[in-house]
Amino acid sequence: MKKAKISIIGAGPGGCVAALTLQKLGHEVEVFEKGQFPRYRVGESFLPGTLSILNRLGLQDRIDAQNYVKKPSATFLWGQDQAPWTFSFATAKTAPWVFGHAIQVKREEFDQLLLDEVKERGVAVHENTPVTNVDISSDKTVTLTVREGETTRTVESDFVIDAGGSGSPLARQLKVRRYDEFYKNFAVWSYFNLKDPFEGDLHGTTYSITFEDGWVWMIPVKDDLYSVGLVVDRSKAAEVKELGPERFYEQTLAKAKRVTDLLGDAERTDEVRIVHDWSYESDHFSDGRYFLVGDAACFTDPLFSQGVHLATQSAVSAASAIDRIAQDESELGAVHEWYNRSYRETYEQYHEFLASFYTFASFTEPESEFWLKRRITESDDARLSRKKWFDRLVEDDAQNPTASVADFRDRASTMIAIGRHQRQELSDEFSEEELNAARVRWIGGLTKQLNRITRLAWTGDEVLLKPYYKVEPLSFHLEQKQVLANESGRDMIKFPLEEEHREIFQKLTKEDVGYKELIKQLNSTGKQEVSSQIVIRLMEAGLLTGYDKHGERVVVQDRLRFDGVGVEYEV
């Protein structure tokens, strides 16, 4: 194999995971970190998919030894007068690296753990070494200018990964960052000494709690320490300036009664902190010899604790992409196209998920400035003009007749109903088992709808196999696969398929085949575990349409999804 030299900017989770992945793939890595570890960071709550990545990179023993708070779920008091609901991470362990829980951490300790592992594996790490310039003018190399004390020097490498967070030097240099018009929020937070109020299945969960002016996170970090943060509209900045951070935090938190009930007489133990630069994305995430990962590339509202997972997933993807290009430079354009598309679609999944839940809550909370601004009611919402998920939602498309803002809100309602508690208040009587009845009802309803389909129609005249990349889960090599597409460019990229599958779907252009028969045919190719998911994803992509025995269209509601939970990790 060809060995490349890669410079990494930033030693947070994104930078460290990129370094570990590249080293595993056999490349030479050097990390440049502007600060000195340990250093403070917010973002203490993880998703199971992050544990999966760290497990496959060989860090499981090190993580287990820390005895982190185990996070079984995320619990929401979401919407005024709504019963609590819980998003459980429980899932079948279909592989050793699939997790049914996540962890809560103190980031200064966790990030130090990752950096120690990187150093112990022999990767060169330079702390207190900011990158002041990135020269990407060459089509063969990248040159970094770094400052060490009072001196500067240049470092040449084959590629650069910028994992430098919101202060990314390369994103700033390229002027590719675009701030989000929908999530004009900022956060104000501190820490409280609070014993976890529950010992049962809510023990270790993260809370997200709405109130008039926004919402509050509550995260059990470590040793009875809770992170408690306000997410409010950016217009509140003037009030912060007038009152000062401390008084603003105390007065605004007091409005969130469900939060103060949980806190009781808990003592605040730390200063009040603020972050203003909130939701943003980039025009593109990679090109030529560079890749942006994590917060350097994009950041969206942290309601579903996705920040570290976006960083680690993009880090693996960037490392795998570099490895692929290093072996065959002729694939550079195709690999960048894959990285940009896969990263953007992952980011937009979170963005869509959040927008649906904000819209849902906006109809239950008082009509405050925050909630009115977080409500989607029109099909021409200019704040979402750059979002592909919104274009699909409102497009006038015969393949997507249920696309509407009302249906969009209903998707959140459906998910909330599946996780809704049987009691109006939080209680230690809650058990994840009580959610099973709602899950069974939902699966039963979906199965009933699918079984009604007696004819599946393919969109277009041809069923094509289109090249696409996937990261191999154990080696982390980027491998070329094939996905189904039609002649108009529609495709379904979640599940790679082969010629025998293409032939099965090609028959739909000439024969009447129902859902049950199609599933039987897919099962015969060894796809038993994912056959129904393949069909559902093809329907969501607009490649398949189902009809019942009367010729009436069978509509299956699009699901809200995001990476990092369940069994189908993107990386």
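Here are a few things to note about the model shown:
- Excluding same-chain neighbours fewer than eight residues apart, the aspartates and glutamates reachable from Lys222 by a Cα-Cα span under 18 Å are Glu44, Asp64, Glu108, Glu109, Asp111, Asp196, Glu199, Asp201, Glu267, Asp270, Glu271.
- Each of the peptides 469-479, 133-143 was scored by the mean count of other Cβ atoms within 10 Å over its residues; in descending order, highest first, they stand as 469-479, 133-143.
- Residue order for Ser362, Ser431, Ser286, fewest other beta carbons within 10 angstrom first, comes to Ser431, Ser362, Ser286.
- Its relative contact order, with pairs defined as Cα atoms under 8 Å and 6+ residues apart, puts region 245-377 at 18 percent.
- Interchain or long-range residues, amide H under 5 Å from Arg420's placed H: Thr86
- Additional length obtainable on full extension of the chain from Arg172 to Thr143, 0.36 nm per residue less Cα span: 8.8 nm
- Region 289-341: projected area of the alpha-carbon convex hull, averaged over directions, in nm²: 3.6 nm²
- Using θ = phi - 60° and Karplus 6.51 cos²θ - 1.76 cosθ + 1.60, couplings along region 464-479 (whole Hz; Gly, Pro as x): 10, 9, 10, x, 7, 10, 9, 7, 5, x, 9, 7, 6, 6, 7, 10
- Calculated log₁₀ intensity ratio I(q)/I(0) where the Debye formula runs over C-alpha points of region 354-432, q = 0.22 Å⁻¹: -1.05
- With Cα atoms as the point set, the radius of gyration and Dmax of region 300-393 evaluate to 17.4, 57 Å.
- Listed residues Ile504, Gly445, Met1: farthest to the positive end of the dipole of the chain (Cβ charges): Ile504
- Note on Thr509 and Ala90: with the Förster distance fixed at 51 Å, the Cβ-Cβ geometry gives a FRET efficiency of about 0.80.
- For the chain, size of Cβ-based charge dipole, Lys and Arg +1, Asp and Glu -1, in debye: 640 debye
- Solvent-free Debye calculation, one equal scatterer per alpha-carbon of region 109-243: log10 I(q)/I(0) at 0.09, 0.12, 0.17 Å⁻¹ equals -0.51, -0.83, -1.08.
- Under the shape rule built on the C-alpha gyration tensor, where the axes satisfy a ≥ b ≥ c, region 17-91 is prolate, since a/c reaches at least 1.5 and a/b is greater than b/c.
- Sites matching chymotrypsin sites (Phe, Trp or Tyr not before Pro) across region 1-47 that sit in DSSP coil, with at most 16 neighbouring C-beta atoms within 10 Å: Tyr40
- Cβ-based exposure ranking for Met415, Met1, Met539, in which fewest neighbours within 10 Å come first: Met1, Met415, Met539
- In region 185-275, Rg over Rh equals 0.96, where Rg is the alpha-carbon radius of gyration and Rh the Kirkwood radius from pairwise Cα distances.
- For Val31, the residues whose modelled amide H falls within less than 5 Å of its own, excluding neighbours fewer than 5 places apart on the same chain, are Ile8, Ala124, Val125, His126.
- The chain, relative contact order [Cα under 8 Å, separation at least 6], %: 17 percent
- Only helices enter the 222 nm calculation for the chain: every DSSP H run of n ≥ 4 contributes -39,500 (n - 2.57), and dividing by all residues gives -10000 deg cm²/dmol, rounded to 500.
- Shape category assigned to region 432-478 from the gyration tensor of Cα positions, a/c cut at 1.5: oblate
- Estimated D of region 210-368 in µm² per second, where Rh is the Kirkwood radius over Cα pairs and Stokes-Einstein applies at 10 °C, 1.306 mPa s: 86 µm²/s
- In units of the compact-protein estimate 2.2 N^0.38 Å, region 453-547 shows a Cα radius of gyration of 1.06.
- Taking every Cα-Cα distance in the chain and sorting them into 10 Å bins from zero, the calculated P(r) comes out as 3, 17, 27, 27, 18, 7, 1, 0 percent.
Read-outs throughout are calculated quantities, based only on the coordinates presented, and are distinct from any laboratory measurement. All values derive from a computational prediction rather than experimental measurement. Note: ideal-geometry Cβ built from the backbone for every residue, glycine included; neighbour counts use all protein chains shown.
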